[in-house]
1. Size of the dipole of the stretch 626-665 about the Cα centre, Lys and Arg at +1 and Asp and Glu at -1 on the beta carbon, nothing else charged, in debye to 20?
2. Checking the cross-link filter: which lysines have an alpha carbon closer than 25 Å to that of residue 647, excluding same-chain neighbours under 8 positions apart?
3. To the nearest 10 degrees, how steeply does helix 239-249 sit against the main Cα axis of the chain, on a 0 to 90 scale?
4. What list of whole percents do you get for P(r) of the chain, with Cα-Cα distances grouped in 20 Å bins up to the one holding the largest distance?
5. 7 Å from Cα along Cα→Cβ at both residue 39 and residue 614: what's the point-to-point distance in nm?
6. For residue 107, what charge total do you get from the other residues with a beta carbon under 10 Å from its beta carbon, if Lys and Arg give +1 and Asp and Glu give -1?
7. If you line up the long axis of helix 548-558 against the longest principal axis of the chain, both from Cα atoms, how many degrees apart are they, to the nearest 10?
8. Once phi is turned into θ = phi - 60°, what whole-Hz ³J(HN,Hα) does the Karplus curve with 6.51, -1.76 and 1.60 give for every residue of the stretch 45-56, x standing for Gly and Pro?
Amino acid sequence: MTSLVRDLINTVRGEGDTSHSVDTHMQRVLDQLAALHGQAIEYLDAPQARAQPSPGDAVAALLRAEGRDPTPTALIPGVKSEDRSIPAGGAALSSRIYTPAGNGPFPLIVYFHGGGWVIADKDTYDAGARGLSEAAGAVVVSVDYRRAPEHKFPTAWNDAIAAYDWVAANAQALGGDASRIALAGESAGGNLAVATAIAARNRGAKKPVGILAIYPVAQTGNTETQSYDDSANARPLNKAMIGWFLDKLVTGPADKADTRLDLINADLVGLPPVTIINAEIDPLRSDGEMLETALKEAGVEVTRKVYGGVTHEFFGMGAVVPKAQEAVQFAGEQLQRAFAAPEQAGAVHTGVHTGAAHTGSQPRARLAPEDPAATKLKVVGYAAKHSFSDLKAFEFEREAARADEIEIDVLFCGVCHSDIHQIKNEWDNTVYPCVPGHEVVGRVTRIGSSVTRHAVGDVVGVGCMIDSCRQCEPCLAGDENYCEGPNSWLATYNGPMIPAAKARGGTNMYGRDNTYGGYSTVLVVQEDFALKIPANLRPEVAAPILCAGVTTYSPLKHWGVKPGDRVGIIGFGGLGDMAAKLAVAMGAEVTLFTTSKEKLGEAARLGVTAVLESDEEALEALQGKFDFLLSTIPQRHDINGYIPLLKRDKTICIVGALEPMESVNNQAVAFHRKNVAGSLIGSLQDTQEVLDFCAQHDIGPDIELINMDQVNDAVKRAIDGEVRFRSVINMASIKPDPADATVEDSAIFVSG
Ligand SMILES: [Zn+2]
Ligand SMILES: [Zn+2]
């Protein structure tokens with residue numbers, strides 16, 4: 001067994017893994033730990049594992065070899081400590097209280113040691129807790145919560161909450177100040193620190209002013225992270241040990257997925273500032289990174305530092321590893337900042353997730369709820385918790401319809417490429433949890449008292465917008481999609497197009513920071529933002545018209561495409577398909593430009609000419625022939641090859657890519673006074689027009705109907721470019737009583 005440990009340590013040293021170079025001081029500790037001949041704990045039972053030498057023992061051995069005194073009080077003489085027991089759920093938890101030099105009252109830190117919830121205790125982690133007391137100038141209470149496997153999940157979490165409450169209640173007796181309490185922990189204890197803060201928020205208990213999570217266990221769903229891979233065989237913590245710890249801890253998969261343990265999937269909104277410290281050579285390094293992302297996406301202030309060349313457990317090695325001294329110093333400063341600004345603790349980022357009050361101009365405040373007794377509707381949706389998360393079932397509430405609003409039972413919702421950009425935060429503006437969906441068709445189930453446009457039972461559609469400022473020049477001109485109000489328009493999901501944090505004066509006129517879209521059972525919307533679905537348009541076919549349809553119809557209309565015009569459509573995905581059908585129905589002579597040979601046949605089926613983008617000869621022959629070009633490619637691309645195809649004064653409009661494009665050679669533009677333009681979705685009027693136009697001309701997108709639980713697969717296929725048809729979610733598949741509405745085999749409807 002000893003040779004196994006040696007092999008593993010050699011791996012860290014770089015003989016098996018050259019990606020990290022170990023700090024020389026750290027290496028001495030690892031060598032010393034190996035010399036103590038501990039056994040690999042993943043092959044032992046819990047009592048045996050607890051008896052193995054710890055990294056702290058290795059540090060002490062090194063100190064003794066140098067003739068230094070390894071006792072804690074000798075290493076950090078300014079801090080006094082005293083052991084006391086804390087009552088928790090009928091048990092008495094042993095704890096150690098560290099008091100720094102000077103006069104109190106001191107701020108307080110409730111500290112949880114590491115050891116995977118199975119091994120180690122306050123003695124093993126004495127140096128880290130003691131160092132924090134000195135560096136933060138705080139009373140630290142280090143708690144021996146009950147460990148697994150004797151006490152399975154969630155005993156340790158409950159003990160941690162009990163300890164936090166006890167410290168808050170006994171702050172004064174501890175020489176502390178109850179208004180300044182922070183949570184801290186290492187490894188498993190780092191998880192407990194964050195989880196205890198979440199629990200405090202959930203219970204409405206006093207919030208901590210800050211959280212310090214040192215190489216925390218932050219997730220249990222992904223054991224293939226980068227650090228699980230590159231530090232799989234690291235010491236003193238390896239991947240196998242984490243599996244062993246979790247095995248001892250949980251009683252089943254439900255425990256493992258519990259968000260007290262799987263923190264990145266917890267609701268993190270409203271937590272106080274969090275400091276995360278990671279070691280480079282540690283399978284939990286990526287957990288820290290994921291937690292950082294999750295916290296940021298929940299609007300929490302977070303600072304994370306990764307210390308190079310050191311391993312898990314380095315934090316308490318300040319006596320022999322200078323980087324540990326740095327880390328303790330940094331942690332102390334971060335906590336001091338949190339203690340200095342208790343009034344800001346727990347503040348949520350401006351405009352994120354809060355139900356921020358209306359400020360600034362209010363042209364049309366939402367009306368009061370009609371029936372105060374029944375203002376909440378239970379809704380089931382599919383949400384992405386974070387940019388790295390799949391869509392998962394998510395229950396939430398919507399406010400019931402107000403006087404000018406309607407409640408819609410969602411029947412179908414299209415999967416748009418911008419949903420994918422938004423789920424993955426590719427536009428860097430996603431508000432989580434993110435319930436996408438802005439191609440919504442449903443049936444009106446209830447109307448507010450002043451509603452005149454729609455009646456119960458009507459089939460209506462909701463596109464990208466659910467409100468706008470209604471008083472700016474574009475809004476008054478019927479161009480709501482170009483609203484110039486302080487928050488621009490209110491999107492069907494993800495809140496206002498300009499959130500409060502980026503708005504003039506920091507206002508949010510809509511009073512809603514996150515809106516939940518159509519991947520859900522129910523939508524509530526103001527009556528004038530709901531469109532009429534013509535009776536002869538199938539609702540599932542109508543859905544993508546609300547975004548893909550109007551996005552292509554609006555520029556075709558704006559640039560006056562008329563019978564006999566020659567129109568080129570660049571890109572033949574969902575948008576290109578709609579654009580070609582609409583332009584043909586408008587009487588234009590349509591040419592499709594595609595990169596894919598297979599799509600040439602598709603184009604022929606639509607009755608349009610198709611040209612391969614790579615066919616230079618064909619492009620040459622088309623120079624100066626086009627009245628309008630529409631580019632539907634959904635990402636950055638090069639349009640220089642197309643500009644010569646336009647006639648003088650004519651326009652190429654880009655609708656697919658909402659991002660920086662390849663630069664344009666203005667010579668080609670200027671020489672024939674051509675226009676390079678952009679266009680964003682379409683107005684309410686355009687949306688109604690395109691619905692009516694499609695019904696009248698019997699055209700629509702080619703769709704593939706899917707069940708809600710197939711949406712992650714549909715997203716993957718769309719990213720891989722494998723979707724020939726627009727995916728449309730059949731919302732009956734998540735309704736409580738789906739009856740026979742579930743799609744058994746993905747039916748394909750082809751219309752037009
Ligand atoms: Zn869309
Ligand atoms: Zn406006």
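1. Here the stretch 626-665 has a charge dipole of around 140 debye.
2. 557, 562, 581, 625, 674
3. Its long axis makes an angle of about 80 degrees.
4. Taking all Cα pairs of the chain, the binned fractions are 16, 39, 30, 15, 1 percent.
5. According to this spin-label approximation, the distance is 6.2 nm.
6. 0
7. Computed tilt is about 50 degrees.
8. In residue order, the calculated couplings are 8, 4, x, 5, 4, 5, 8, 6, x, 9, x, x Hz.
No lab work stands behind these numbers, since they all come straight from the coordinates. All of these numbers come straight from a predicted model, not from anything done at the bench. Don't worry about glycine lacking a Cβ; one is built from the backbone with ideal geometry, like all the others, and counts go over all protein chains shown.
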